[in-house]
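Data block below; observations after.
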Ligand SMILES: C[S@@+](CC[C@H](N)C(=O)[O-])C[C@H]1O[C@@H](n2cnc3c(N)ncnc32)[C@H](O)[C@@H]1O
């Protein structure tokens with residue numbers, strides 16, 4: 001790969017997905033894009049770059065998706081989900097007792113483990129949420145991971161990462177070597193393709209936003225820009241949850257960390273006017289009404 | 001240092017498990033079947049048992065039953081590690097007193113995850 005080609009791809013990826021590659025990630029590009037180029041019948045990275053410059057739509061998507069890191073697992077890092085159960089939801093339940101509805105956004109849901117972990121947490125809360133409308137929206141840049149997330153089918157290896165065995169038995173059905181999460185939990189989640197670099201005001205406002213292990217790939221300005229826009233989609237008393245290696249500190253004052261609750265943030269008041277709740281006009285969102293048990 | 005008893009009739013599996021567990025800072029002892037494991041437990045109970053199901057002489061499920069009835073036998077965390085990968089076996093293990101369940105093949109990530117799950121190691125402990 002020539003330096004010019006590398007620079008082209010760096011900029012291309014920054015523009016399309018926010019991915020911020022340092023000057024020495026040639027090996028990463030080659031390991032991910034060479035197989036893709038070969039599959040498309042191209043001789044190598046050089047020809048791939050030419051095709052991209054020529055503006056080949058399908059190829060653009062494939063290149064962008066091939067360069068994303070989709071690694072995830074159930075109850076990743078555990079602590080955020082303990083906070084969700086012990087801090088976030090009790091507060092939300094109190095604050096929303098009047099309207100009995102909660103909206104949660106997984107802003108980089110990948111193959112579904114994170115939104116399903118939240119769904120399982122909510123199910124485990126049982127009676128406390130009976131009669132509540134619960135909306136979980138999971139978005140991701142990559143259509144491919146969304147398809148997998150929707151299917152809710154996981155390999156034996158995947159269901160052994162982070163998922164307590166009791167939860168596997170309770171919420172999954174085994175078919176041969178794979179495990180599928182129950183329809184009831186699948187129905188709690190609505191999946192949408194969304195690039196965080198683009199406008200997301202149409203999603204409306206949320207009580208809880210999980211945005212974990214995606215901002216780490218972006219440069220500082222992009223992070224700040226996304227934090228500021230997230231602040232407009234969150235209720236004044238809502239919660240933002242970031243990944244273990246992510247923080248708002250030193251980047252923006254639209255959010256502040258919650259003391260003793262690692263990874264949890266609250267919006268600050270001086271944020272811009274909140275976007276309205278979504279008009280449920282186009283497609284009726286799948287809103288699971290929690291059944292009693 | 002926490003102790004883990006690895007019970008499996010395959011010496012290869014025991015060796016792989018030992019390497020992983022030592023990486024997680026466990027002191028490891030090995031047994032090749034349930035009855036040998038029980039002898040060790042009667043002498044001294046470990047903090048954790050990584051337990052195969054199908055073994056000659058005494059299988060893992062039977063061993064667990066005996067071990068759980070020893071004085072203090074409710075303390076060790078029992079993590080099954082077996083090729084039996086169906087819900088019936090998992091449910092049986094859990095109701096028989098198992099704390100976690102690994103379906104073979106396994107690797108270090110799965111062992112670390114499952115051991116963290118039952119509180120044997122801190123969540124997200126990195127390998128040294
Ligand atoms: C490492 S995964 C994190 C998954 C999950 N949140 C977790 O913490 O386990 C990162 C995900 O972010 C997605 N992603 C990358 N760039 C994105 C962008 N610009 N907009 C939306 N999603 C993006 C990737 O497709 C990938 O699925």
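A simple spin-label model places pseudo-atoms 7 Å from Cα toward Cβ; at residue A:40 and residue A:144 they are separated by 1.2 nm.
Extending 7 Å from the Cα toward the beta-carbon at both residue B:107 and residue A:221 defines two label points whose distance is 3.8 nm. Taking Cα atoms only, the orientation of helix A:3-17 departs from the longest principal axis of chain A by about 20 degrees.
For residue A:86 and residue B:10, the FRET efficiency from 1/(1 + (r/R0)^6), where r spans their Cβ atoms and R0 equals 56 Å, is about 0.85. Mean partner shielding of peptide A:238-250, defined as the number of other chain Cβ atoms within 10 Å of each residue Cβ, is 0. So for the protein assembly as shown, what percent of the C-alpha to C-alpha distances run longer than 39 Å? Summing the P(r) of the protein assembly as shown above 39 Å gives 31 percent of all pairs. When each of A:198, B:66 is scored by the number of other beta-carbon atoms lying within 10 Å, the sequence from fewest to most is A:198, B:66. Computed over the Cα atoms of region A:1-154, the ratio of the radius of gyration to the Kirkwood radius (Rg/Rh) comes to 1.13.
Binning all Cα-Cα separations of chain B at 10 Å, short to long from zero, yields these whole-percent fractions: 14, 51, 33, 3. For region A:14-75, the equivalent ellipsoid derived from the Cα gyration tensor has semi-axes of 21, 13, 13 Å, listed largest first.
Between residue A:178 and residue A:201, the contour length at 0.36 nm per residue exceeds the Cα-Cα span by 4.6 nm.
Per residue of chain B, what 222 nm ellipticity follows from adding -39500 (n - 2.57) for every DSSP H run with n ≥ 4, rounded to the nearest 500?
When only DSSP H runs of four or more count, the value is -12000 deg cm²/dmol.
Here the contact order of region B:6-128, divided by its residue count and restricted to Cα pairs under 8 Å and six or more residues apart, works out to 22 percent. Across region A:157-237, the mean sequence separation of Cα contacts (distance under 8 Å, 6 or more residues apart), normalised by length, yields a relative contact order of 24 percent.
Principal-axis analysis of the Cα atoms of chain A puts helix A:57-66 at an angle of about 70° to the longest axis. Helix A:113-125 and the longest principal axis of the Cα set of chain A meet at an angle near 0°.
Put in order of Cβ neighbour count within 10 Å, fewest first, the listed residues A:29, A:93 become A:93, A:29. Spin-label model, residue B:47/residue A:14: points 7 Å from Cα along the beta carbon direction are separated by 4.8 nm.
Hey, what did region A:1-122 get for relative contact order, percent, Cα under 8 Å, at least 6 apart?
On the way: 71 pairs, mean separation 27.4, N = 122.
Taking the mean separation of contacting Cα pairs over the length of region A:1-122, I get 22 percent.
Ranked for footprinting exposure by Cβ neighbours inside 10 Å, fewest first, A:8, A:171 give A:8, A:171.
In square nanometres, what is one fourth of the surface area of the convex hull spanned by the alpha carbons of region A:79-289? It would help to have the intermediate numbers written out before the result.
Numbers: hull surface 47.5 nm².
Quarter of the Cα hull surface area: 11.9 nm².
Values quoted throughout were computed directly from the atomic coordinates according to the rules given, and no laboratory measurement underlies them. This is a predicted model, so every value here is computed, not measured. Note that each Cβ is placed from the backbone with ideal geometry, even for glycine, and that neighbours are counted across all protein chains shown.
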